[in-house]
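Scroll down for the structure; my scribbles are underneath it.
The values are calculated or read from the model by the stated rules, or taken from the named source; none is laboratory data. Bear in mind the structure is a predicted one, so any value in this text is a computation, not a measurement. Reconstructed Cβ throughout: ideal geometry from the backbone, glycine too, with neighbour counts over all protein chains shown.
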Amino acid sequence: MKRYRAICCSLVLGLVLSISAAGHARSSKKTDGAAASPAAPPSERLGGADAWTAYTYSEKSGKVCYLTGEPKKSEPAGAKRRRPLAMVTHRPGEKVANVVSFAAGYPLKEGSDVALDIGGAKFDLFTKGDSAWARTADLDKEIVEAMAKGKQAVVRGMPRNGPATTDTYSLAGFAQALGMIDKACEVKR
């Protein structure tokens, strides 16, 4: 599990830097995040549906497929932070799929959990830096399944400084974007 989480943490950090630097450019065919982080290769946009966009790129271990989404609402309004981001990642070359992560856009309080609510199904995610993850691969899969069937996901986090935040993600389009990365990385449901 430690190796699985270490892979996930480093991947998410590189991808978040890549996507943030690219301005989440939805209209271009390529999103080149190389300027933000030498470890984050250019990503090819597979497509999008509603608030969710699917991408892929290749690295030494093989193809990586991921989707991202931004919240439709963040509270408190006007809080100073980078734009929050939700991700699901597949790395078939490392036999890893359905890795769920949420980047809060600010440093999270050390030792705190992030609360995720998807249509009444509640999950506690562990935190490191500005991101939160599920504790196990089975929990990742359960969260992805709930997101594919749900209408919205509500993420509550506690920053190192300042008031708690709540980000509300519409899940419209999530299942379609998930289908795109599943197909690109040959992940069977």
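Within the range 162-188, the set of residues being in contact with an Asp or Glu (Cβ under 8 Å, 6 or more places away or on another chain) and at positive phi comprises Gly173 only. Candidates are the residues of the range 115-132 that are surrounded by 15 or more Cβ atoms within 10 Å (Cβ to Cβ) and part of a loop (DSSP other than H, G, I, E, B); the one that is farthest from the chain's Cα centre (by Cα) is Gly129.
Each row is one residue, and each column tells you yes or no for (1) modelled with pLDDT under 50; (2) within 25 Å of Ala164 (Cα to Cα); (3) among the hydrophobic types (A, V, I, L, M, F, W, C).
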{"residue": "Ala34", "(1), (2), (3)": "yes, no, yes"}
{"residue": "Arg45", "(1), (2), (3)": "no, no, no"}
{"residue": "Tyr55", "(1), (2), (3)": "no, no, no"}
{"residue": "Ser74", "(1), (2), (3)": "no, yes, no"}
{"residue": "Arg83", "(1), (2), (3)": "no, yes, no"}
{"residue": "Arg91", "(1), (2), (3)": "no, no, no"}
{"residue": "Ala104", "(1), (2), (3)": "no, yes, yes"}
{"residue": "Gly111", "(1), (2), (3)": "no, yes, no"}
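Scanning the range 88-111 for residues being in contact with a Lys or Arg (Cβ under 9 Å, 6 or more places away or on another chain) and at positive phi gives a total of 2. Residue count for the range 68-114 under the criterion of being in contact with a Leu (Cβ under 8 Å, 6 or more places away or on another chain) and either surrounded by fewer than 20 Cβ atoms within 10 Å (Cβ to Cβ) or in a loop (DSSP other than H, G, I, E, B) (or both): the result is 3. Residue under question is Ala79, and the condition is that it be at pLDDT below 95, among the aliphatic types (A, V, I, L, M) and in contact with a helix residue (DSSP H, G or I) (Cβ under 9 Å, 6 or more places away or on another chain); does it hold? When the stated conditions are applied, Ala79 does not pass them. Is it fair to say Pro163 is in a loop (DSSP other than H, G, I, E, B), touching a residue at least 12 places away in the same chain (Cβ under 8 Å), crowded, with 22+ Cβ neighbours inside 10 Å and of a type outside the set (Gly, Ala, Ser)? Against the criterion (in a loop (DSSP other than H, G, I, E, B), touching a residue at least 12 places away in the same chain (Cβ under 8 Å), crowded, with 22+ Cβ neighbours inside 10 Å and of a type outside the set (Gly, Ala, Ser)), Pro163 does not qualify.
Per-residue answers, yes or no, for (1) under 21 Å from Glu94 (Cα atoms); (2) in contact with a helix residue (DSSP H, G or I) (Cβ under 9 Å, 6 or more places away or on another chain):
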site	(1), (2)
Lys128	no, yes
Lys141	yes, no
Met147	no, yes
Lys151	no, no
Val154	no, no
Gly162	no, no
Thr166	no, no
Ser170	no, no
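For the range 166-189, a residue qualifies if it is buried (at least 18 other Cβ atoms within 10 Å of the Cβ) and among the acidic types (Asp, Glu), and the qualifying residues are Asp167, Asp182. Can you tell me which residue is farthest from Gln176 (Cα to Cα) among those in the range 40-67 that are of a type in the set (A, V, I, L, M, F, W, C) and not in a strand (DSSP E or B)? Ranking the qualifying residues of the range 40-67, first place goes to Ala40. Which of the residues spanning the range 131-144 are within 16 Å of Gly69 (Cα to Cα) and without any contact (Cβ under 8 Å) to a residue 60 or more places away in the chain? Those that are within 16 Å of Gly69 (Cα to Cα) and without any contact (Cβ under 8 Å) to a residue 60 or more places away in the chain: Ala132, Ile143, Val144. Of all the numbered requirements in (1) over 13 Å from the mean Cα position of the chain (by Cα); (2) not in a loop (DSSP other than H, G, I, E, B), Arg135 misses one, and that requirement is (2).
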